[in-house]
Amino acid sequence: MSTETDAIDIRIQNETVSLPIEVLDRYNVYGPRYTSYPTAPEWSDEFGVDDLRRAFAAANAEDHRPVSLYFHIPFCEKLCWFCGCNVIINKDKEVAHPYLDRLKTEIDRFADSVDPSRPTVQFHWGGGTPTYLSPEQMRDLYGHTASRFLILPDAEIGLEVDPRVTTAEHMAAAAELGFNRVSMGVQDFDPQVQEAVNRNQTFEQTAATVAQAREHGVPSVNIDLMYGLPYQTIASFRETVERVIELSPERIALFNYAHVPSLRHAQNAFRRMPMPVGLEKFEIFRAAIERFTDAGYVFIGLDHFAKPEDEMARAQVDRTLRRNFQGYTTKAGSDLYAMGVSSISQIGGAFAQNFRDTESYFARIDAGDLATMRGMWLTDDDVLRSAVIERFLCHCVIHTKEFEEEFGIDFAETFADAIADLRAHEADGMVRISDDRIEVTPLGRLFIRNLAMPFDAYLRRRSPDAKPIFSKTL
Ligand code: SF4
């Protein structure tokens with residue numbers, strides 16, 4: 001901390017920069033996280049199954065573009081009050097049977113529409129809690145998929161696990177099936193925070209799951225943390241960070257808690273609890289960045305950390321890192337085929353999301369159809385802006401000439417309004433703008449969502465008085 005009360009010192013990428021509190025306050029605005037562009041509120045209910053089928057056909061016509069698969073397993077035994085995922089809470093595991101039946105039917109319908117010679121390079125099970133399933137159900141689901149898609153031997157195969165319900169048998173099954181990445185939620189190890197968010201998970205439970213992954217030879221472990229939760233303080237979160245470093249995961253995701261109680265009603269449980277906001281929340285983030293980078297992790301994009309030898313750190317260096325619905329990915333240039341309730345596919349120039357409730361999802365699958373609820377065809381302008389925002393968020397630099405060659409545009413002319421907005425950010429020390437590039441400064445890394453927003457044509461059209469639909473950027 002600076003001795004000045006009106007500024008804080010931040011050490012990032014071996015540079016110490018001073019950030020005036022007044023600037024911090026100005027950057028604490030509502031804005032998207034840009035796991036997609038255009039963002040989900042812009043998608044249309046008019047996009048339906050016929051559109052998805054057109055996207056399938058167009059993708060097959062491309063020259064063997066690789067395939068990524070995502071399955072959404074929505075079940076959890078207990079609701080964490082902060083949760084922003086589409087979940088179904090049920091301790092009765094019988095509910096998984098009818099769901100898996102529909103999911104396997106959907107897999108068959110997708111597989112019938114994907115050229116079988118296209119290689120699957122990435123396969124991810126998210127949720128919810130995929131290890132809500134029994135090891136036998138996991139084997140059955142995986143086997144069914146492998147019989148329909150060409151999963152490459154070196155594919156990245158990821159599984160989200162919850163240490164509170166994941167057993168040694170689950171991990172053995174995962175390793176045997178070829179899962180080479182496991183990702184586990186922790187959020188915070190502090191007992192008071194855990195009690196407040198309805199997620200009691202001891203350090204020992206987490207350490208045991210990490211140890212099981214290591215014993216079974218799973219090469220990559222990720223831990224999810226969240227800052228901005230009730231009762232968190234800089235000191236308490238420091239303890240959590242130390243304990244995570246002790247576990248030595250290959251990757252860490254440090255998510256900004258998105259407080260949107262009007263959309264996520266369970267978050268109203270926090271109403272009377274002390275929440276770190278503004279400067280205190282930012283200080284928790286800052287302290288965690290400093291400690292993880294001191295411990296040798298590379299700061300990736302918006303909120304990830306990876307060991308320097310990890311593929312994600314290397315992808316940031318060689319500029320192959322990409323942004324997707326799970327955060328960041330190293331598998332550039334593949335189409336994402338997503339199955340299960342609420343899942344989102346990104347195929348060529350289209351986004352398609354399934355129904356979010358199981359009733360509608362089951363009804364569509366049982367009617368012999370696909371379960372598309374909404375989506376969007378990207379326009380040329382969307383594709384261009386999506387690329388600009390994605391490269392900004394992944395590589396922290398935009399090489400303007402690259403875009404001029406790739407998209408046949410005059411960058412300065414096309415983005416005159418965005419560049420004008422970025423000039424104000426330049427004055428705050430967040431970006432450097434030159435003839436051939438727009439580069440995010442070390443300080444700007446912490447505000448990269450804000451810096452991407454000027455390129456968002458939909459946000460630009462929204463009235464400043466409109467009801468906020470995104471969480472705060474800080
Ligand atoms: S375990 Fe994960 S998906 Fe389930 S409620 Fe908690 S945060 Fe949400």
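Per-structure values
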| item | result |
| --- | --- |
| Count of residues meeting criterion [in a strand (DSSP E or B) and touching a helix residue (DSSP H, G or I) at 6+ places or on another chain (Cβ under 9 Å)] in the range 60-100 | 8 |
| Selection count, the range 267-278, where residues are open to solvent by less than 30 Å² (accessible area, probe 1.4 Å) and at pLDDT 95 or above | 3 |
| Selection from the range 431-440 of residues that are open to solvent by 10 Å² or more (accessible area, probe 1.4 Å) and touching a strand residue (DSSP E or B) at 6+ places or on another chain (Cβ under 7 Å) | Arg432, Asp436, Arg437, Glu439, Val440 |
| Candidate set from the range 158-180 (those that are away from the ligand (no atom under 16 Å from the Cβ) and crowded, with 22+ Cβ neighbours inside 10 Å); member that is farthest from the chain's Cα centre (by Cα) | Ala173 |
| Members of the range 9-28 that are of a type outside the set (Ser, Thr, Tyr) and either assigned by TED's automatic domain parsing to the domain that holds Glu390 or within 22 Å of Ile300 (Cα to Cα) (or both) | Asp9, Ile10, Arg11, Ile12, Gln13, Asn14, Glu15, Val17, Leu19, Leu24, Asn28 |
| Scan of the range 86-116 for residues that are within 9 Å of the ligand (Cβ to nearest atom) and either open to solvent by less than 60 Å² (accessible area, probe 1.4 Å) or small (Gly, Ala, Ser) (or both), ordered by number | Asn86, Val87 |
| Boolean, Asp63 is over 30 Å from Ala196 (Cα atoms), at pLDDT 95 or above and more than 16 Å from the ligand (Cβ to nearest atom) | no |
| Among (1) more than 30 Å from Asp101 (Cα to Cα); (2) touching a residue at least 40 places away in the same chain (Cβ under 8 Å), the one test that Asp318 misses | (2) |
| Close pairs from the range 114-138: first more than 21 Å from Glu169 (Cα to Cα), partner in a loop (DSSP other than H, G, I, E, B) and open to solvent by 10 Å² or more (accessible area, probe 1.4 Å), Cβ under 6 Å, at least 6 apart | Arg118/His64; Pro119/Pro66; Thr120/Phe149; Val121/Pro66; Val121/Lys331; Val121/Ser334; Gln122/Lys331 |
| Gly126 vs. criteria assigned to a strand (DSSP E or B), within 16 Å of the ligand (Cβ to nearest atom), touching an Asp or Glu at 6+ places or on another chain (Cβ under 7 Å) and within 30 Å of Arg238 (Cβ to Cβ) | yes |
| Odd one out for Ala427 among (1) small (Gly, Ala, Ser); (2) surrounded by fewer than 16 Cβ atoms within 10 Å (Cβ to Cβ); (3) within 23 Å of the chain's Cα centre (by Cα) | (3) |
| In the range 129-138, residue nearest to Ile73 (Cα to Cα) [restricted to those that are open to solvent by less than 10 Å² (accessible area, probe 1.4 Å), part of a helix (DSSP H, G or I) and not hydroxyl-bearing (Ser, Thr, Tyr)] | Pro130 |
| Helices (runs of 4 or more DSSP H) contained entirely in the range 414-468, each with at least 2 residues that are more than 18 Å from Ile10 (Cβ to Cβ), in contact with a helix residue (DSSP H, G or I) (Cβ under 7 Å, 6 or more places away or on another chain) and not basic (Lys, Arg) | 416-427, 457-461 |
| Which numbered condition Trp81 fails, given (1) within 16 Å of the ligand (Cβ to nearest atom); (2) in contact with a strand residue (DSSP E or B) (Cβ under 9 Å, 6 or more places away or on another chain) | (2) |
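The values are calculated or read from the model by the stated rules, or taken from the named source; none is laboratory data. All values reported here derive from a predicted model rather than from experimental measurement. Heads up, the Cβs are rebuilt from the backbone with ideal geometry, glycines too, and the neighbour counts pull from every protein chain shown. Heads up: the accessible areas ignore ligands, DNA and RNA and are worked out on the full protein's heavy atoms, side chains in. Shrake-Rupley method; radii C 1.70, N 1.55, O 1.52, S 1.80 Å.
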